[in-house]
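Worksheet: the structure to be examined is printed underneath.
Each value in this text was obtained by applying a stated rule to the coordinates, not by laboratory testing. Just so it is clear, the model here is predicted, and its values are computed rather than measured. Glycine also receives a Cβ, built like all others from the backbone with ideal geometry; neighbour counts cover every protein chain displayed.
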Amino acid sequence: MTIAITGATGQLGRLAIAALKSRGKAPIALARDPAKAADLGVQARAFDYAAPETLAPALAGVDTLVLISSNDVGQRMPHHLNVIAAAKDAGVSRLLYTSILRADTSPMLLAADHKATESAIRASGLTYTFLRNGWYTENHTAGLAGAIAAGALIGSAGAGRFSAAARSDFAEAIAVTAATSGHDNASYELAGDTAYTYADLAAEVSRLTGKAIPYNDLPPATYAGILASFGFPEGFAHVLADSDVQAGHGALYDDSRTLSRLIGRPTTPMAATVAAALA
Ligand SMILES: NC(=O)c1ccc[n+]([C@@H]2O[C@H](COP(=O)([O-])OP(=O)(O)OC[C@H]3O[C@@H](n4cnc5c(N)ncnc54)[C@H](OP(=O)(O)O)[C@@H]3O)[C@@H](O)[C@H]2O)c1
């Protein structure tokens, strides 16, 4: 059974390749630039979502295709539709797709493309598994150095709880579902075992640094403006601020523990990801 993974050069893809290798599998890394995948130690094939005619040939012999959602937010739909068509043409047996928590009902702006992609996959008739990923804890830890330097964490989620998990937990879920059977036409809501608020996160950062780092809740327009000043494209800054607002209403909270059941171990606690980020 041959498994191939798109986005293999990305942060999640790299971890998923490693998780599959540790399960004794030899996945194929599908990469826009195969040279960037050379260090993965697996076969790499050229695979650019924006070059549709090249995609089906690159899937020759692939049984299980993992489509890691494109990070090109304005181009996601054409990218994903190209991959779905190619998977159909190439006759792959299963398509696994990394979606978003409760994609079908989520009010988050970010969820629209995931919902539409899930619909397109269903309409294609391909056997699918939807890995509906919640928030990566790393979304919150990536900017910690700047927050510590500035003396505060900022966001627009109020007291909303994030059932976040580490990328490595979501990568393990990819490996489990790609390497085992029993996931046909299933949708898994994947999230961390425990949830935290921004205030909890700020308290943990304060504890580890020995500095008082509070959480400052901001109006979404103010937060989006600050994100834009950090270099995020304006539209994406708005989408991120919206994600926080919706998280404030529970959009990124989940207590099903589906992820830990799937991977057979507890998810990585927020404190561990914070400690790793500050090490
Ligand atoms: N759940 C969450 O909290 C969360 C957070 C962030 C992102 N996401 C989503 O999850 C995905 C994986 O996360 P990540 O952290 O691994 O993202 P990442 O590190 O940005 O990786 C994105 C991957 O997509 C590839 N890619 C982009 N455009 C492509 C194209 N035209 N053709 C082929 N490949 C292309 C990139 O290839 P190159 O190496 O060539 O650039 C890279 O391998 C993201 O793409 C995004 O959709 C989810």
Legend entry - Mean-position separation - Cα centroids, region 151-173 and region 26-41, in angstrom: 28 Å
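Glu234 to Ser256: extension gain in nm, 0.36 nm per residue of separation minus the Cα-Cα distance? Don't skip to the end; give the middle numbers.
Working: separation 22, 0.36 × 22 = 7.92 nm, distance 3.42 nm.
Contour length minus the Cα-Cα distance gives 4.5 nm.
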Inset, instruction - Compute the signed sum of charges (Lys and Arg +1, Asp and Glu -1) over the other residues within less than 12 Å, Cβ to Cβ, of Ala16. - result: +3
Legend entry - Estimated vicinal HN-Hα couplings, Hz - region 209-215 in sequence order (Karplus 6.51, -1.76, 1.60; Gly, Pro = x): 8, x, 10, 7, 10, x, 9
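May I ask for the net charge around Leu278, where only other residues with Cβ less than 14 Å from the Cβ of Leu278 are counted and Lys, Arg are +1 while Asp, Glu are -1?
After counting each charged neighbour, the total is 0.
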Legend entry - Rounded tilt (10° steps) of 111-124 against the dominant C-alpha axis of the chain: 20 degrees
Inset, instruction - For the chain, set up a Gaussian network in which alpha carbons nearer than 10 Å are linked by springs, and say which option among Ala87, Ala157, Ala120 fluctuates the most. - result: Ala120
Legend entry - Under Karplus coefficients 6.51, -1.76 and 1.60, residue-wise ³J(HN,Hα) of region 29-41 in Hz, glycine/proline x: 8, 9, 9, 4, 10, x, 4, 6, 9, 4, 6, 6, x
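Scale the Cα Rg of the chain by the rule-of-thumb value 2.2 N^0.38 Å and send over the ratio, two decimals. Show your work: numbers first, answer last.
Working: Rg = 18.8 Å, N = 279, 2.2 N^0.38 = 18.7 Å.
With N residues counted in the chain, Rg over 2.2 N^0.38 Å equals 1.00.
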Legend entry - Whichever aspartates and glutamates have a C-alpha closer than 15 Å to that of Lys115, once near sequence neighbours (fewer than 8 apart) are set aside: Asp104, Glu189
Legend entry - Length-normalised contact order for the chain - Cα pairs under 8 Å, 6+ apart - percent: 19 percent
Inset, instruction - For every other residue with a beta carbon closer than 12 angstrom to the beta carbon of Pro220, add +1 if it is Lys or Arg and -1 if Asp or Glu, then tell me the sum. - result: -3
Inset, instruction - Would you pull out the residues with amide H under 5 Å of Leu109's amide H, same chain only if 5 or more places away, H placed 1.01 Å from N? - result: none
Legend entry - Rg to Rh, two decimals, where region 102-169 supplies the alpha carbon set and Rh follows Kirkwood: 1.10
Legend entry - Extreme residue, positive dipole direction of the chain, given options Pro78, Ala46, Ser22 (C-beta unit charges): Ser22
Inset, instruction - Take every DSSP beta bridge with both residues inside the chain and express the antiparallel ones as a percent of the total, to the nearest 5. - result: 5 percent
Legend entry - Principal-axis tilt of helix 76-90 within the chain, Cα atoms, nearest 10 degrees: 30 degrees
Inset, instruction - Sequence neighbours fewer than 8 away in the same chain don't count; with that in mind, list the lysines whose C-alpha is under 28 Å from Lys36. - result: Lys21, Lys25, Lys88
Inset, instruction - Run through the DSSP bridge list for region 122-279 and note the antiparallel percent, rounded to the nearest 5. - result: 10 percent
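Given contacts defined as C-alpha pairs under 8 Å and at least six residues apart, what's the relative contact order of region 141-211, whole-number percent? Numbers along the way, then the final one.
Working: 38 pairs, mean separation 31.7, N = 71.
Answer for region 141-211 is 45 percent.
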Legend entry - Estimated FRET transfer efficiency (Thr222, Lys36; beta-carbon r; R0 41 Å; 0.05): 0.65
